[in-house]
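Rule-based calculations on the coordinates, nothing more; no lab input. Values in this document were obtained by computation on a predicted structure and should not be read as measured data. Glycine also receives a Cβ, built like all others from the backbone with ideal geometry; neighbour counts cover every protein chain displayed.
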Amino acid sequence: MADIVLDHVTKRFPDGRLAVDDANLSIADGEFVILVGPSGCGKSTTLNMIAGLEDISSGELRIGGKVVNDLAPKDRDIAMVFQSYALYPHMSVRKNMGFALSLAKRPKEEIDRLVEEAARVLDLTEHLDRRPAQLSGGQRQRVAMGRAIVRSPKAFLMDEPLSNLDAKLRVQMRTEVSRIQNRFGTTMVYVTHDQTEAMTLGDRVAVLRSGRIQQVGTPTELYGRPATVFVAGFIGSPAMNFVPATVEEGELRTPLGAIVPDERQRRLLDGWTGAAADRRSLIVGARPEHFEDAALEQAKDCPGLRFTVTVDVLERLGSDSFAYFTLAGGQARTADLEELAHDAGTVELSGKAEQVVARLDAASRIREGEKAELWLDVHQLHLFDPDTGRNLDAPATA
Amino acid sequence: MTTVTSAPAAGPAAARARRPSRDRTALLGWSAANLVIVGMSLVPLLWLVSLSFKTPASITDGSFIPQEWTFENYREIFGESLFTRALLNSLGIALISTALAVVLGSMAAYAIARLEFPGKRLLVGLALLIAMFPQISLVSPLFNLWRQIGIFDTWLGLIIPYLTFSLPLAIYTLSAFFREIPWDLEKAAQVDGATPRQAFLRVIAPLAAPGMVTTAILVFIFCWNDFLFAISLTSTEQSRTVPAAIAFFTGASQFAQPIGSIAAAAVVITIPIIVFVLLFQRRIVAGLTSGAVKG
Amino acid sequence: MRSPSEPGTRRKAPLSARARAERRLGWALCAPAVVVILAVTGYPVGYAVYLSLHRYDLRFPADSEFVGLTNYATVLTSPLWWQALAVTVIIAVISVAIQFVLGLTLALAMHRALIGRGLIRTVILIPYGIVTVVAAFGWRYAWTPDTGYLSGLFGDAAPLTSQVHGIAVIVLAEVWKTTPFMALLLLAGLALVPEDLLRAAKVDGATAWQRLTRVILPLMKPAILVALLFRVLDAFRIFDSIYVLTAGAYDTRSVSILGYDNLFTALNLGVGSSLSVLIFLVVALVAFVFVKGFGVAAPGGEGHR
């Protein structure tokens, strides 16, 4: 086992494209770190560089304190689980799992013992003599994991290992991955584009966007204090709502209504500098759960913003309800938000008006197509600089 | 597995009644067409088989089925060194060329399918050019050149041009097979601790074996089939292959065509082809069409 | 391209050790194949060009001298060349056209056949695999008066003794032998047409013929063009069947037969070589027209990994 350190690691492809730009990340021994981001953000390239499957253009990669930039994958002692599983189709499950050990010239009895042990942990014992083609998707996935754990490597690298499974199995295997990591306590780097997976699995999560690490932190930190509009919009489902706002006469003027900032927000606005600060325009972010039906007990008499909208669509999930409504008065626009929209494929859908979603208590009596009064907990609002995309609350370091 | 007995989707009753009969007509039509195809493909071959079993007296009777059957033609050609030696030459030359083409072709195809290096596109273009090259354009210079360097009328003198013309075929077919092997498998082997050599020998080569068999069959058929080089670059029994030798068969008299012997020889050299086709039909089809269609 | 011999200067996109090793391995693996190919084509082609510019008669090898383009003039002013070229073009065009129509029918039949598809694929591989010379003998004896089962088909005339009939038999032999190959290529292309698309066309009201011409054929275009290119160039090289069927008599010579005769009957290497070069140029022209004119993508040429 070992720690993994990325020290100003950069990857430039031969065609000049910058895939990973000055990545700094320190993964402690035994830690479970997730790299998450939309497709093309450089997360898989980063993982491949750690594995040694991809050259590092500049910077330093250290595993267990040793610089491994120029080491071939076979000399790094890391195991990897691929999105396609990459099981050798001409070998039995037993041979697949023992392949690395046999390449390392370990004695036959030891290989058998380790393989059988891993098979027991993963419930694969009765499939040991089958070929990968004879297994179901979930079983193949477990063989791929088994191939990694038999080696007791310094680290596990996982490249979207669950994305080829159907939704139900994916949830099941997610727990399995957690269980394995707890059991072996091996350093694990896990790549995914699924923010739910990232939030539920990792000790820490690194959010990447266009080759740059946006923020590294625990799931709670990322959710509660996103450093940028991008992180705020990427983490959480349904996503955070963003509306444009201006600061006038000490008030935040938004399409939802005028908001009087609380003390924390006022302090942030006072310390805010830059071109956007001079224009006094910013982006306000509100998570869906910070809205409520103003008629309900929870919202009654609470300080906050009350406003009336027409609910376009109401989704009742039983446990709670999602109310969708549109706000006239322009859209919050930044490069970050556009990329998020691209990733979600909603670029064409959102027109001029701003779409907002609110999560309401199941007890709400609001109806689709009717006017409703909603309440917003203004203390929970996030304030972002529209030019840099940074949270005013985030430490001003790159 | 749940099996659901598929009831016909509810629709107008008339449409439902008409459908099976139309389907049956279509099926019958296609089946009949297929039967015609089978007949058309086999008749010329059966005709040669028939000729080869005819007696000299009945060979010019024009009948599709022999009136009198005899093995005389086969006994005769196997008694003559002109044929037996040619058969040996054909086999030896085709097998050696095939082995060399598969080995050299695999190396180049692996590089083309898997490695990044300058000059790769040029190589692919060159191979395509050779595949389309008119062989006759090489006959004159090779004829002269081979006599000068002393490999005219030798096995080597035929193996070299066969290798040249089958290499593009081998490279195309094999690189299509190599490309189909998931790139991730090689990465997995690397991460599992394999050297490039081990990754090739223990992961890639076993998976490419079907492709190599296919390629070997196609190359063998190509070499076995050649006539132009065989008659141009040989002059004696020493290295003449069967297709060329057949053209030198002589009849009992100066004017009689040795039809029976030619037919028997023709049937003999068709046997390996039939065996290949029967055993490896699927592979041959896969090989012939690989690279021709981009998936 | 910067030379790889300056490893010290690490400027933009430096080659890593891995990339350099990959290059070396790539070259090393391709080298043997390239050497063989170039040795047997590159040099002889150069040699053919050289010979074509000289007077070189095998009977008088000492009497060889540089004659410039005289050999080309001899060939290009000879009616034999133009006739052989015309015969070759006619055979190539007619046989490929028939092969295409038959091959497409065959491919459609095989695609739709629910039963016996394997049997048919096996059977039609036999014409493809059979030695051309063998097949040609079969056809020759089939049409030989008295001997052949087909000889009485068109009265007493011996079909292999006239130009038109001779060419017809040559085309027949060619079509029989290579239609299966065409059919397999087209079948592979057909497999790429999604079944759902045809269902959609049916729902949109297209007849079977409209589905073929408006949906299937446009989608198969790349496969069709590659198949046609292969077949045309192959038909252009036709030699074996003509040699056996008519030996080039009765004005049925193809350019390949003409080249062969010039070398081994006339023993004239100079003129023979200029023929070789001209044939090569014609083939290159045909390939060029296909690639540029119809946009045939070189198979396997996309070079991605």
Partner chain coverage, peptide B:224-231 - average Cβ within 10 angstrom: 5
Neighbourhood charge, 13 Å Cβ-Cβ cut-off, centred on residue B:66 and excluding it, Lys, Arg +1 and Asp, Glu -1: -2
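Please give the net charge around residue A:83, taking every other residue with its beta carbon less than 10 angstrom from that of residue A:83, where Lys and Arg add +1 and Asp and Glu add -1.
Values: positive: none; negative: A:159, A:160, B:184.
For residues surrounding residue A:83, the net value is -3.
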Mean Cβ neighbour count within 10 Å, used as a protection proxy, ranking A:252-264, B:134-146, C:192-204 highest first: B:134-146, A:252-264, C:192-204
The range A:4-226: equivalent-ellipsoid semi-axes (sqrt of 5 x gyration tensor eigenvalues, Cα, Å): 29, 20, 16
Charge tally in the Cβ shell below 14 Å around residue A:166, where Lys, Arg are +1 and Asp, Glu are -1, residue A:166 excluded: +3
Reciprocal mean inverse distance between Cα atoms of the range A:301-342 - Kirkwood radius, Å: 13.5
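For n ≥ 4 DSSP H runs only, could you compute -39500 (n - 2.57) per run for chain A, divide by its residues and tell me the 222 nm figure to the nearest 500? Kindly include the intermediate steps, with their values, before the conclusion.
Working: 11 runs with 107 residues, N = 398.
Computed mean residue ellipticity for chain A: -8000 deg cm²/dmol.
What does the average come to when, for each residue of peptide B:275-288, you count the partner chain Cβ atoms lying within 10 Å of its Cβ? Let's see the in-between values first.
On the way: counts 0, 2, 9, 3, 1, 2, 7, 3, 0, 6, 9, 2, 0, 7.
For peptide B:275-288, the averaged partner shielding equals 4.
Would you calculate the convex hull of the Cα atoms in the range A:82-172 and tell me its volume per residue in Å³? Before the final figure, lay out each step's value.
On the way: hull volume 8.7 nm³, N = 91.
Convex hull of Cα atoms, per residue: 95 Å³.
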The range A:232-384 - convex hull of alpha carbons, volume per residue in Å³: 119
Percent of alpha-carbon pairs separated by more than 21 Å within the range B:107-255: 57
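Quote the charge dipole size of chain B about the Cα centre in Debye, to the nearest 20; the model charges only the Cβ of Lys and Arg (+1) and of Asp and Glu (-1). Intermediate results must be reported in sequence, preceding the final value.
Details: 20 positive and 14 negative charges, 241 e Å.
Dipole about the Cα centre, nearest 20: 1160 debye.
Any idea what the dipole of the protein assembly as shown comes to, in debye rounded to 20, about its Cα centre with Lys/Arg Cβ at +1 and Asp/Glu Cβ at -1?
Values: 93 positive and 88 negative charges, 332 e Å.
Roughly 1600 debye, rounded to the nearest 20.
Report the semi-axes of the equivalent ellipsoid for the range C:195-258 in whole Å, largest first, where each axis is √(5λ) for an eigenvalue λ of the Cα gyration tensor. Present the calculation step by step, with values, prior to reporting the outcome.
Numbers: eigenvalues 363, 28, 11 Å².
Working from the Cα gyration tensor, I get semi-axes of 43, 12, 8 Å.
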Members of C:221/C:292; A:168/B:187; A:66/B:120 lying beyond 25 Å, as alpha-carbon distances in this model show: A:168/B:187; A:66/B:120
³J(HN,Hα) computed for each position of the range A:288-293 - Karplus, 6.51 cos²θ - 1.76 cosθ + 1.60, integer Hz, glycine/proline x: x, 6, 8, 9, 7, 5
Per-residue HN-Hα couplings for the range B:40-50 [Karplus 6.51, -1.76, 1.60; θ = phi - 60°; Hz; x = Gly/Pro]: 4, 5, 8, 3, x, 6, 4, 4, 5, 4, 4
Charge dipole of the range A:232-384 about the Cα centre (unit charges at C-beta), most positive-ward option of A:256, A:281, A:308: A:281
Cα gyration tensor category, rounded, prolate or oblate, for chain B with a/c compared to 1.5: oblate
Unit Cα scatterers, Debye sum, the range C:88-143: log10 I(q)/I(0) for q = 0.16, 0.19, 0.30 Å⁻¹: -0.69, -0.90, -1.08
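Evaluate 2.2 N^0.38 Å with N set to the residue count of the range A:181-303, then give the Cα radius of gyration divided by it. Don't jump to the answer; show the numbers that get you there.
Numbers: Rg = 17.9 Å, N = 123, 2.2 N^0.38 = 13.7 Å.
The reported ratio for this selection is 1.31.
Computed over the Cα atoms, what is the radius of gyration of the range A:111-240 divided by 2.2 N^0.38 Å, N being its residue count? Show your work: numbers first, answer last.
Working: Rg = 16.6 Å, N = 130, 2.2 N^0.38 = 14.0 Å.
Relative to the 2.2 N^0.38 Å estimate, the range A:111-240 comes out at 1.19.
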Directionally averaged shadow of the range C:78-254, computed from the convex hull of its alpha-carbon atoms, nm²: 12.0
Cβ-based charge dipole, chain A, positive-most Cα from A:4, A:127, A:217: A:127
Prolate/oblate/rounded call for the protein assembly as shown, Cα gyration tensor, a/c under 1.5 rounded: prolate
Mean ellipticity per residue at 222 nm, deg cm²/dmol - from DSSP H runs of n ≥ 4 across chain B, formula -39500 (n - 2.57): -23500 deg cm²/dmol
Top positive-direction residue, dipole computed over the range A:4-226 with Cβ charges, set A:152, A:39, A:92: A:92
Student exercise, the range A:4-226 dipole from Lys, Arg, Asp, Glu Cβ charges, in Debye to nearest 20: 380
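Under the Kirkwood approximation for Rh and a Cα-based Rg, what ratio Rg/Rh is obtained for chain A? Mind dumping the intermediate values first?
Values: Rg = 24.4 Å, Rh = 23.4 Å.
Rounded to two decimals, Rg/Rh equals 1.04.
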For A:49-58, mean number of other protein chain Cβ atoms within 10 Å: 3
